[in-house]
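A short worksheet on the structure shown next.
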Amino acid sequence: MPLYCENCMKLVDGPICPACRNRKLREVEPGDFCLAAEVPYMQAEMLKDVFRDNGIPFTERLSLGAAITVELGVNFGRVKLFVPYDRLPEAKAFYEAFFSGSAVLIPDEGENPIPDRELLLGHVYRHFKGGLYRVEDVAKHSETLEEYVVYRKLYGDRSLWIRPKGMFLSPVDREKYPDAMQEFRFEPVDDPDGETPEGV
Ligand SMILES: [Zn+2]
C-alpha cells in the first residue's frame, strides 16, 4: 500500500511528503480522497461531468488562491479534483482519455451521436442533395472538444465548411427528405472522376 498525506490528500512515496514536509504519513485506505487531476476551471467542469456520469465521487479545491480568482474571475482558476483511492485508476483513465482527445468525452454526444461509420480523410463524399465535397480533416472545437469535419465544396466557389462529425456521418432525415436517394447525409463516392459536380 502506498503512503498517504492527509494534508495534501495525495499519495506519497514517503517517508516525508515533498509538498508539505508532513512526516505523519499513513497507509492509504480505499475511501481516502486522492488527487486525480489538476486542471483549468473549464476542463474541471467537464471532467466533473464525466465523474458524475460514471458514479465516481469527487471533491474539489481551487488551487489558485481566492484573491487571484476574485481578481481574474473563476475561469482563470485551476481546480484540483480528488477521488477515493479505490476509484483512482478509473478516474485517471478518464483524465488521460480526456486530454489525449480520445472518444470518452464528447460533450455534444446527446445532440450529435457519432454513428459507427468510418470517416475517410481526403475522400470525396456526395451530399444527399447531389453536391460533391472532399473531406480535408477533422478539427476539435476549443471549448467543447467536439470533433468537426472540415470539408471543401468541389463546385462553385470551392469554399471550406465545417460540421459536427456526428452530424456529418448521420443518416438522412427521412421525415424531412422522404425522397432522398441515399441512406446517409454524406456518402463516399467510389469514382469521383466519373461524377459531374458542376451545376449542382
Ligand atoms: Zn503533504
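Read the figures in this text as sums done on the coordinates, not as results from a lab. Values in this document were obtained by computation on a predicted structure and should not be read as measured data. Cβ sites come from the backbone with ideal geometry, for glycine too, and all protein chains shown count toward neighbours.
Here is how the numbers come out for the structure above:
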{"item": "³J(HN,Hα), Karplus 6.51/-1.76/1.60, whole Hz, each residue of region 126-132, x for Gly, Pro", "result": "9, 6, 5, 8, x, x, 9"}
{"item": "Distance violations [Cα-Cα > 18 Å] among Lys92/Lys140; Lys10/Lys80; Lys140/Lys176", "result": "Lys92/Lys140; Lys140/Lys176"}
{"item": "Net length gained if the chain between Glu60 and Glu90 were fully extended (0.36 nm per residue, minus Cα distance)", "result": "9.1 nm"}
{"item": "5 angstrom amide H check on Ala36, placed H, neighbours 5+ away", "result": "Leu81, Phe82, Val83"}
{"item": "Burial ordering of His123, His141, fewest other beta-carbon atoms within 10 Å first", "result": "His141, His123"}
{"item": "Pairwise centroid distance, computed over Cα atoms, of region 117-172 with region 1-49, Å", "result": "43"}
{"item": "For Tyr155, residues with placed amide H under 5 Å, excluding near neighbours", "result": "none"}
{"item": "Gyration tensor verdict on region 124-194 (Cα atoms; rounded if a/c is under 1.5, prolate if a/b is larger than b/c, oblate otherwise)", "result": "oblate"}
{"item": "Length gained when the stretch Glu29-Met42 is fully extended (0.36 nm per residue, less Cα-Cα span)", "result": "1.7 nm"}
{"item": "Length gained when the stretch Lys140-Leu3 is fully extended (0.36 nm per residue, less Cα-Cα span)", "result": "45.4 nm"}
{"item": "Efficiency of FRET from Cβ geometry, Arg117 and Tyr155, R₀ 30 Å, rounded to 0.05", "result": "0.80"}
{"item": "Cβ-based exposure ranking for Cys5, Cys17, in which fewest neighbours within 10 Å come first", "result": "Cys17, Cys5"}
